[in-house]
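**Student:** Input: one structure, supplied below.
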Amino acid sequence: MYEEALNNNVDVIVRGEGEYTTLELINTMEKYGLDPARLRSIKGLAFKDGDQVIKTPDRPPIRNLDELPPPARHLLPMDKYTLFGKPIKIVHVMASRGCPYGCSFCSTSYFWGRMVRYRSAKAVLMRLRMP
Ligand code: SF4
């Protein structure tokens, strides 16, 4: 729904798998702001250039999820991440992305495609052991 969002005061949308698109977007914005000519070279974006909605090409999926660094939880107030307000701390650990099926009520196949990627067991264990 990037067109709807862009027509409601949103400057730029990261479409699909966002890690590398967001990284490129932030690096570009730090140097050039929201310069449409620069944004056009970043895959996986949608933004407006004047009244025109621009959708850059899709970014290919990350093949090896292990290359993604762990979340910087030390920068977050982790004591606020609790289970429905109970004094039980929780974190989410990503072990895989995607699903091979296409249930009509589910957005997964639209978002990830009908493709499943897994993190290695070693990488998942590392993230479970993090404070
Ligand atoms: S398409 Fe969605 S609801 Fe269906 S099996 Fe996959 S994740 Fe589950």
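The values are calculated or read from the model by the stated rules, or taken from the named source; none is laboratory data. Here the structure is a predicted model, which is why all the values come from computation and not from measurement. Note that each Cβ is placed from the backbone with ideal geometry, even for glycine, and that neighbours are counted across all protein chains shown. Surface areas here come from the heavy atoms of the whole protein model, side chains and all, with no ligands, DNA or RNA. Shrake-Rupley method; radii C 1.70, N 1.55, O 1.52, S 1.80 Å.
A quick yes/no check of all residues on (1) in contact with a strand residue (DSSP E or B) (Cβ under 6 Å, 6 or more places away or on another chain); (2) open to solvent by 80 Å² or more (accessible area, probe 1.4 Å); (3) farther than 29 Å from LEU75 by Cβ:
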{"residue": "VAL91", "(1), (2), (3)": "no, no, no"}
{"residue": "CYS99", "(1), (2), (3)": "no, no, yes"}
{"residue": "CYS106", "(1), (2), (3)": "no, no, yes"}
{"residue": "TYR110", "(1), (2), (3)": "no, yes, yes"}
{"residue": "SER120", "(1), (2), (3)": "no, no, no"}
{"residue": "LEU128", "(1), (2), (3)": "no, yes, no"}
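**Student:** Still on this model: Just give me the residues in the stretch 31-57 being hydroxyl-bearing (Ser, Thr, Tyr) and touching a strand residue (DSSP E or B) at 6+ places or on another chain (Cβ under 8 Å), in sequence order.
**Tutor:** THR56
**Student:** Within the stretch 93-124, which residues are in a loop (DSSP other than H, G, I, E, B), under 18 Å from LEU65 (Cα atoms), within 16 Å of the ligand (Cβ to nearest atom) and of a type outside the set (A, V, I, L, M)?
**Tutor:** GLY98, CYS99, PRO100, GLY113, ARG114
**Student:** What single numbered condition from (1) of a type in the set (Val, Ile, Thr); (2) over 30 Å from SER120 (Cα atoms); (3) touching a strand residue (DSSP E or B) at 6+ places or on another chain (Cβ under 9 Å) fails to hold for THR28?
**Tutor:** The number of the failed condition is (3).
**Student:** Okay, next question. Considering only residues of the stretch 1-37 that are closer than 19 Å to PRO69 by Cβ and polar (S, T, N, Q), which is farthest from the chain's Cα centre (by Cα)?
**Tutor:** Only one residue fits best here, namely ASN27.
**Student:** So HIS74 ticks every box in (1) open to solvent by 70 Å² or more (accessible area, probe 1.4 Å); (2) more than 30 Å from ILE90 (Cα to Cα); (3) of a type outside the set (D, E, K, R) but one. Which box is left unticked?
**Tutor:** Single failed check for HIS74: (2).
**Student:** Report yes if PRO69 is open to solvent by less than 80 Å² (accessible area, probe 1.4 Å) and free of Cβ contacts under 8 Å to residues at least 12 places away in the same chain, otherwise no.
**Tutor:** It is false that PRO69 is open to solvent by less than 80 Å² (accessible area, probe 1.4 Å) and free of Cβ contacts under 8 Å to residues at least 12 places away in the same chain.
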